[in-house]
Amino acid sequence: MKRRGHAAATSQEIVHEVYLRLANTPKLVENRPVLRAFLIRVCANLGIDRLRRERLERRLFSGMTEEALSVPQPLGDADARADGPYRLKRLRQAIMKMSYQRRQVFLASCIGNLTPDEIATRCGISRNMVDRHIRKAYLHCLECLEDTL
């Protein structure tokens, strides 16, 4: 792995990933005439995939921080800043008007940053129901804040 440009820690991660993949599907290893060559090839392929992904990510995300910092932020007028506490109060009221389950799903999504699958598991409801609750909660909040926008 070092020959391909990987650090020792990355090489260990690749070998660990190969182990985990093969542990979950042991039939891949059966009936291989040269097991060692197969494992080396799998590690090399995963290493190449990782290098390609890292290069792509570097290209995609290069300079983004500088670009983001160079964009001027609108300060907003005094009315908009003074209106903030009122909007926050209205948002709290809107959230408290929701049913307990919808409020629980909405807050888990917005504040808890949980995925819909995690929310469904924790609340004991289907994924579709989680999506429906989130969609209706956003619409409810939007309706309650409509006059402040």
Residue count, the stretch 24-47, condition over 10 Å from residue 14 (Cβ atoms) and touching a helix residue (DSSP H, G or I) at 6+ places or on another chain (Cβ under 9 Å), comes to 5
Pairing a residue in the stretch 87-103 that is in contact (Cβ under 8 Å) with a residue 24 or more places away in the chain with any residue that is in a helix (DSSP H, G or I) and among the charged types (D, E, K, R), where Cβ atoms lie under 7 Å and the two sit 6 or more apart in sequence or on different chains, gives 95/103; 102/136
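Listed here are the residues, each with its yes/no results for (1) surrounded by 10 or more Cβ atoms within 10 Å (Cβ to Cβ); (2) assigned to a helix (DSSP H, G or I); (3) at pLDDT 85 or above; (4) not assigned by TED's automatic domain parsing to the domain that holds residue 8.
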position	(1), (2), (3), (4)
41	yes, yes, yes, no
46	yes, yes, yes, no
51	yes, yes, yes, no
57	yes, yes, no, no
60	no, yes, no, no
75	no, no, no, yes
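The values are calculated or read from the model by the stated rules, or taken from the named source; none is laboratory data. No experiment lies behind these values; they were computed from the predicted model shown. Cβ: placed from backbone, ideal geometry, glycine included. Neighbour counts: every protein chain shown.
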